[in-house]
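My questions all concern the structure below.
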Amino acid sequence: MPRIGFLFVAFLMSTGALAAEDNALKRSFNIAYDAFKNALESEDIELTIRTGLNAYNTGKRLFGSNSVNTANLASNLATAYIDNKEFKLANDLLLPYIDVYLEEYKEDSLAIVDLYILVAKSYQRKSKNKQIKYYQNALSLLDSHKDSKPLLVANIQADIGAELLSLGSPKSRVLIEANDYLSKHLPANERQLVYSNYYTGNYYIATGKTDKAIAMLSKNLDVFYNLDGPTHPLELTTHAVLVKAYEKIGESDQATNHCKAIGQMTPWDDNQLPKPLYRTQPQYPQSAVRSRKDGYAIVEFVIDANGFVKDPISTEYGGSKKFQRAAIDAVENWRYAPKFENGEPVEATSRVQLDFKIGR
């Protein structure tokens, strides 16, 4: 899922610490650090990692292992590792410098907030409890900055909330607080507010508040429609979430508008089966449950001009004939983006295989 990007922190070197050092080492560091900054601008991730590692190692020799300058260089390199999905390298690099940051910034600086966010991101999903812990630590430190830097705090809260939502944490409720502030102080088309509306809407979906989700997600529609140039990166997924939301509350006609919008945005590929925008799970036949029987059913159908499924028939099955009926009953409630030809929605045929497996 697309997400709000965390703020990039430009770590500054303390020039005072350089004065007494060997000139050759200072020159080597300056060259290495300039190369790293140039690599950042080039957006070449392999070059960024290579130059970042060189700057870190040279800086460590110059500043020492316990210097905040070295910690800053480690954070820069860890950011590049994370961007390249080398999470363990980032995590191993960052953890030793937490105490250095705490000593330097006395536990209340936004620099520590950024470090905690970076550490959280360096853990993989199998360590999600540790990720949540560091995101929560960052949120706690933000409290002391709400009065002095409310917009910055709201932006970071929105970023962290989106990450916590992806981790299934109830602490993602911070999205609501952030959105309340951002919606009052930013124009409707401001990037951060658009993303905040999207993730707050998804939070409402996750917590069963479908009406609130629809209202929140719909705030972005005018922004998308009034864009000049490329489609907004959240437009497609917003329409998809709204299809599910409207179907969930039984408002299929409202869902149709978004099915069509997606169909207009995504060219039909006759060589690839379309994915449903909304689907219901088939009911496992009780006789198959009792006999612990697995199986499958293939269903062919028509996707009409509004994205509804028409005329589903099962052409093949395995395990039990009752899987056919169960599959048809499910598929006929699915929704798709219709095929468009010459700017108009038309009918198209498709098929799907539903697998039935009893948990062992």
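The values are calculated or read from the model by the stated rules, or taken from the named source; none is laboratory data. Not measured: the values here are computed from a predicted model. Note that we place each Cβ from the backbone using ideal geometry, even for glycine, and neighbour counts take in every protein chain shown. Protein only, heavy atoms only, side chains kept; ligands, DNA and RNA dropped before computing areas. Shrake-Rupley method; radii C 1.70, N 1.55, O 1.52, S 1.80 Å.
Are there helices (runs of 4 or more DSSP H) fully within segment 186-248 with at least 3 residues that are modelled with pLDDT under 95 and in contact with a Cys (Cβ under 7 Å, 6 or more places away or on another chain)? List them. Steps first, answer last, please.
Numbers: elements: 191-206, 210-218, 221-225, 235-248.
Helices (runs of 4 or more DSSP H) meeting the threshold: none at all.
Scan segment 179-199 and give yes if some residue there is aliphatic (A, V, I, L, M) and more than 23 Å from residue 110 (Cα to Cα), otherwise no.
Step one: of segment 179-199, the residues aliphatic (A, V, I, L, M) are 182, 186, 188, 193-194.
Narrowing the set further to residues that are more than 23 Å from residue 110 (Cα to Cα) leaves 188, 194.
Among the residues of segment 179-199, at least one is aliphatic (A, V, I, L, M) and more than 23 Å from residue 110 (Cα to Cα), which makes the answer yes.
Listed here are the residues, each with its yes/no results for (1) of a type in the set (Asp, Glu); (2) closer than 26 Å to residue 127 by Cα.
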position	(1), (2)
158	no, yes
177	yes, no
204	no, yes
220	no, no
258	no, no
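Could you grab me the full set of residues in segment 277-306 that are open to solvent by less than 20 Å² (accessible area, probe 1.4 Å) and under 24 Å from residue 249 (Cα atoms)?
303
For residue 330, only one of the following conditions fails: (1) closer than 28 Å to residue 359 by Cβ; (2) among the aliphatic types (A, V, I, L, M); (3) in a strand (DSSP E or B). What is its number?
(3)
On the given criteria, is residue 139 surrounded by fewer than 15 Cβ atoms within 10 Å (Cβ to Cβ), touching a residue at least 24 places away in the same chain (Cβ under 8 Å) and part of a helix (DSSP H, G or I)?
Taking the combined requirement at face value, the residue does not satisfy it.
Which pairs do you get when a residue that is farther than 21 Å from residue 155 by Cα, found in segment 195-221, comes within reach of a residue that is β-branched (Val, Ile, Thr) and surrounded by fewer than 23 Cβ atoms within 10 Å (Cβ to Cβ), reach meaning Cβ atoms under 6 angstrom, with the pair 6+ apart or on two chains?
If the second residue must be β-branched (Val, Ile, Thr) and surrounded by fewer than 23 Cβ atoms within 10 Å (Cβ to Cβ), the pairs left are 210/249.
Look through segment 145-172, keep the residues that are in contact with a helix residue (DSSP H, G or I) (Cβ under 7 Å, 6 or more places away or on another chain) and among the basic types (Lys, Arg), and return whichever of them is farthest from residue 129 (Cα to Cα).
146
Cβ contacts < 9 Å: first residue within 21 Å of residue 112 (Cβ to Cβ), restricted to segment 74-87; second residue modelled with pLDDT under 95 and among the polar types (S, T, N, Q), any location; separation 6+ or different chain. Result?
Qualifying pairs under 9 Å: 87/124.
Hey, could you check segment 61-110 for residues that are open to solvent by 20 Å² or more (accessible area, probe 1.4 Å), hydrophobic (A, V, I, L, M, F, W, C) and closer than 24 Å to residue 43 by Cα and say which is farthest from the chain's Cα centre (by Cα)?
Going through the qualifying residues, I end up with 93.
Over 25 Å from the mean Cα position of the chain (by Cα) and not in a strand (DSSP E or B), is that true of residue 256?
Numbers: over 25 Å from the mean Cα position of the chain (by Cα): yes; not in a strand (DSSP E or B): yes.
Judged against the criteria, residue 256 is a match.
Suppose we keep only residues that are in contact (Cβ under 8 Å) with a residue 24 or more places away in the chain and open to solvent by 60 Å² or more (accessible area, probe 1.4 Å) within segment 228-264. Which one would you say is nearest to residue 183 (Cα to Cα)?
233
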